[in-house]
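The structure appears right after this line, and notes come after that.
The values are calculated or read from the model by the stated rules, or taken from the named source; none is laboratory data. Just so it is clear, the model here is predicted, and its values are computed rather than measured. Note that we place each Cβ from the backbone using ideal geometry, even for glycine, and neighbour counts take in every protein chain shown. Quick note on the areas: whole protein, heavy atoms, side chains included, nothing else; ligands and nucleic acids left out. Shrake-Rupley method; radii C 1.70, N 1.55, O 1.52, S 1.80 Å.
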Amino acid sequence: MRTTMLRSIQSSLKSSTVLRRSYSSESAPERKVVILGAAGGIGQPLSLLMKLNPLVSSLSLYDIAGTPGVAADVSHINTRSEVVGYMGDENLGKALEGADVVIIPAGVPRKPGMTRDDLFNINAGIVKGLCTAIAKYCPHALVNMISNPVNSTVPIAAEVFKKAGTYDEKRLFGVTTLDVVRAKTFYAGKAKVPVSGVNVPVVGGHAGITILPLFSQATPQANNLSDEEIVALTKRTQDGGTEVVEAKAGKGSATLSMAYAGAIFADACLKGLNGVPDVVECSFVQSTVTELPFFASKVRLGKNGVEEVLGLGSLSDYEKQGLEALLPELKSSIEKGIAFANKS
């Protein structure tokens, strides 16, 4: 089971078999990964998945409560990484010191009837505090932001880092991988193609209509899908989070699929740091692809984080309309995050 899961995570990226072998646990550099919010609904399965990743040598788990149990549990798994759990504000610095990658799933989950925007005041405050500590204790780490609303929490993090004098736009990522995972899954089901070979870029942001899957660029190309089916696939991708919230009937949100997506993106970051070539994932980053300061698109990852922000490519008329529609909402979310960060 463990071998199958590891293979699934590693094969999801485009690195060749030879490259994956050359970056096995025997030859991979020492890499410390920190998970902030490790005892939560996303944090626990994410901790498990990162413990299974052979590129991780040190796994640091932090939360305000419950972390020792999670750390003890996953530490018994016979993989390369050493696991340490930290609990409480007084231990946050120890958790972060020496980090190469920091993953932030901390915050409250979305509940039925709650929009991503409803999460803002609580999660924004949590993110602001955590990023202040990151700026102090591991300013050069790659920061993977999962805490919602990502369209606002990434700008918050950027402002916090700017105030601390540590901001590097190449090292801050909004994790939008779950939108890609959903788009691949839904497209493969409708097009009746093996999901393992599917790729679908998803651009824009990470909430509602700001999520824009580019099915016109999907591979393999399915010419049997009607315009109506593309519209339906787009809407389902945009509403994927709500679908899970409603299915769980008030008992949670997308935790398992989000943990998987977070592990996929962290794995890509580690491969980039280790010098694996041509590692490309979609992410919400500082960008000049549109007039907005942040935007999700394909990003080439490398030893410094973002090596290149890739353009949108050719869009269908429907996707062009979607792009125009999402820009005002995404702009508002970005500005809301910046305003929150700059409050005294």
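Spin-label pair Lys136-Asp278: with each label point 7 Å from Cα along the Cα-Cβ axis, the two points sit 4.4 nm from one another.
For Thr288 and Glu90, calculate 0.36 nm times their separation in residues minus their Cα-Cα distance, and state this gained length in nm to one decimal. Mind showing how you got there, number by number?
On the way: separation 198, 0.36 × 198 = 71.28 nm, distance 3.87 nm.
Result for the pair: 67.4 nm of gain on full extension.
Each Lys and Arg Cβ is given +1 and each Asp and Glu Cβ -1; about its Cα centre, segment 186-256 then shows a dipole of about 220 debye. Compute the label zone of Thr219 within segment 158-184: residues whose backbone N is under 16 Å from the point 7 Å along Cα-to-Cβ. The answer is 184. Each part gets one Cα centre, and for segment 200-228 versus segment 87-164 those centres are 29 Å apart. Taking trypsin sites (Lys or Arg not before Pro) across segment 221-273, the ones in a DSSP loop with at most 14 further Cβ atoms lying within 10 angstrom of their Cβ are Lys251. Computed from backbone phi with θ = phi - 60° and the Karplus coefficients 6.51, -1.76 and 1.60, the 3J(HN,Hα) list for segment 221-235 is 6, 9, 7, 8, 8, 7, 4, 5, 5, 5, 4, 5, 5, 4, 5 Hz; x is used for glycine and proline. Dipole size of the chain about its Cα centre, with +1 on Lys/Arg Cβ and -1 on Asp/Glu Cβ: approximately 600 debye, rounded to the nearest 20.
Please give the length that would be gained between Asn342 and Tyr318 if that part of the chain were fully extended, namely 0.36 nm times their separation in residues minus their C-alpha to C-alpha distance (nm, one decimal). Let's see the in-between values first.
Values: separation 24, 0.36 × 24 = 8.64 nm, distance 3.68 nm.
Contour length minus Cα-Cα distance gives 5.0 nm.
Residues in segment 207-214 carry Karplus couplings, in order, of 6, x, 5, 6, 7, 10, x, 9 Hz; the curve used is 6.51 cos²θ - 1.76 cosθ + 1.60 with θ = phi - 60°, and Gly or Pro positions show x. Once the Cα-Cα distance is subtracted from the 0.36 nm per residue extended length, the Glu308 to Val231 segment shows a gain of 24.7 nm.
For the chain, with all protein chains in place and a probe radius of 1.4 Å, 53% of the accessible heavy-atom surface sits on carbon or sulfur. Counted by Cβ distance under 9 Å from Gln286, the other residues give a net charge of 0, where Lys and Arg count +1 and Asp and Glu count -1. What segment 111-227 shows is 37 Å² of accessible area per residue, with the surface traced by a 1.4 Å probe over protein heavy atoms. Computed about its Cα centre, the charge dipole of segment 72-112 is approximately 300 debye, with only Lys, Arg, Asp and Glu carrying charge at their Cβ.
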